[in-house]
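One structure is given here, and the rest of the page talks about it.
The values are calculated or read from the model by the stated rules, or taken from the named source; none is laboratory data. Just so it is clear, the model here is predicted, and its values are computed rather than measured. Cβ placement follows ideal geometry from the backbone for every residue including glycine, while neighbour counts extend to all protein chains displayed.
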C-alpha cells in the first residue's frame, strides 16, 4: 500500500504530523476522523518530498531507541506480574521525564480505558509506533499472549538497536579519522607550505617543477581554504536533497550493492534485518504476507525492498519464500538456503531467527575487518602525502646548502 503523509489536529488542538499506509487520501482522512482527529492535509509521501535527515535528527521523538525498548520491557514485566493493562500504563506514566512521552502514554491509557485495544491505541499515536510494533501487539492480543509478545518485541527491538549501533560505531572512528586527516592536510598546505614559498621568493632560487607545484597548491589552499570547508557541506546537503528522489535513491542503492567491499556488507545487514523481522512476526502469529509487507518497510536499500515486494506477490501465488527471494539474485545464497530448510522442516520462524543471528555475526566480523584495514590505509595515505610535501619543500634547501658548501 502507498505511504501518505498527513497533518491533523487532535482534540486538544495540537498539530500532528505523521505517515500512514492507506489505499488513497480519502482512506487517510477517514481513519484520522475515526481516531478523533481533524484532518488538515493528506498527500503521498513521495509528493511531500520526505523529511530531511537534519530535521529528522532534531525532531523530538517520544519513543525511539533505548526508550522504546525500556517501555516495552517494563510493560511486559507489569503485565506478567498480573497488573491490568490500564494500571500498568498508569504506572509507566510516572516514569518518563519527557513531557511528550508522558502525554503519549496518557493518550494510550485513556484510549484503553475507553474500550480500545492496545494495538488500536498505539495506532492512533500518529506514527510514533511502527507498523511492525502495532501488528505484533495486535497478533499478541488475538492469541491471548500479549505479555509474551511484548517480551519478544522488546528482544527484537534490542537486537535491532544493537545491530544499528554496531554499524554506526564502526563508521564513527573512520569518519572522525578522515575529518582529522583533512584538517591536518589543510593546515600543512595552507599554513606551513606558504611559509616556505615566501622564503624561496626572498632567495630568488630556481625551484624544481615538483616543488613549484606543491608551493602553488599551498598558496591556493591558503587563499581559498574556505572552499575546502564549504564544498563538503554543500555535497552533504545535495545528497540529503537527492536521496528523496526515488530514481536517484534507487540508482545509489544499486551502485552500493555492486561495490566489492560495501555491497556484501550492506546485503548482510539488510538480510539480518529482514530475517529478524520476519521471524519475530511469524513466531507471534502474523501471516507471512503481512510480515513481508512489514519487512519490506524496514529495509533501507530500495532494490532489496523491491525484491521483497516482488517475492510477496509470488508467495501469494503459492511460490515458496526462498524461491521467490532468489529471483532477484541479490540476497545472499546462504540465507536463501537456510530459509529453504526452514520451509521444508516446517520451522520457518525459527530458521529465520537463526539466519538473523548468523548474518548479524557475519556483519560484525566484516565491519571489524573493514575497520582494521581502513585505519592503517588512511594512516599510510596521510604518511605518503606528508612525506611528499616535506620532500618537495625541503629538497631545494638541501640543494642550496650543498651549493653554498
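Descriptive notes on the structure:
- Residue match in the stretch 227-239 (condition: under 25 Å from the mean Cα position of the chain (by Cα), loosely packed, with under 15 Cβ neighbours inside 10 Å, closer than 30 Å to residue 277 by Cβ and assigned by TED's automatic domain parsing to the domain that holds residue 307): yes
- Filter pass, residue 164 being more than 22 Å from residue 380 (Cα to Cα), in contact with a helix residue (DSSP H, G or I) (Cβ under 8 Å, 6 or more places away or on another chain) and assigned to a helix (DSSP H, G or I): no
- Hey, residue 159 under 24 Å from residue 368 (Cα atoms), at pLDDT 80 or above and surrounded by 18 or more Cβ atoms within 10 Å (Cβ to Cβ) or not: yes
- Residue within the stretch 298-319 that is under 20 Å from residue 162 (Cβ atoms), part of a helix (DSSP H, G or I) and at pLDDT below 90 present: yes
- Residue within the stretch 131-142 that is modelled with pLDDT of 85 or more, under 28 Å from residue 9 (Cα atoms) and either part of a helix (DSSP H, G or I) or not assigned by TED's automatic domain parsing to the domain that holds residue 295 (or both) present: yes
- Applying the set (1) in contact (Cβ under 8 Å) with a residue 40 or more places away in the chain; (2) outside any helix (DSSP H, G or I); (3) over 30 Å from residue 270 (Cβ atoms) to residue 189 leaves exactly one unmet item: (2).
- Scanning the stretch 87-102 for residues that are surrounded by 15 or more Cβ atoms within 10 Å (Cβ to Cβ) and either closer than 18 Å to residue 137 by Cα or within 31 Å of the chain's Cα centre (by Cα) (or both), we see that the one that is modelled with the lowest pLDDT is 96.
- For the stretch 207-263, the candidate set comprises residues that are assigned to a loop (DSSP other than H, G, I, E, B) and more than 28 Å from residue 189 (Cα to Cα); within that set, the residue that is modelled with the highest pLDDT is 259.
- Scan the stretch 262-288 for residues that are within 19 Å of the chain's Cα centre (by Cα) and surrounded by fewer than 17 Cβ atoms within 10 Å (Cβ to Cβ) and the total you get is 3.
- Lone unmet requirement of (1) closer than 30 Å to residue 215 by Cβ; (2) surrounded by fewer than 17 Cβ atoms within 10 Å (Cβ to Cβ) for residue 327: (1)
- Flag if residue 149 is part of a loop (DSSP other than H, G, I, E, B) and within 30 Å of the chain's Cα centre (by Cα): no
- Check on residue 68, out of contact with any strand residue (DSSP E or B) (no Cβ under 8 Å at 6 or more places or on another chain), modelled with pLDDT of 70 or more and surrounded by 15 or more Cβ atoms within 10 Å (Cβ to Cβ): yes
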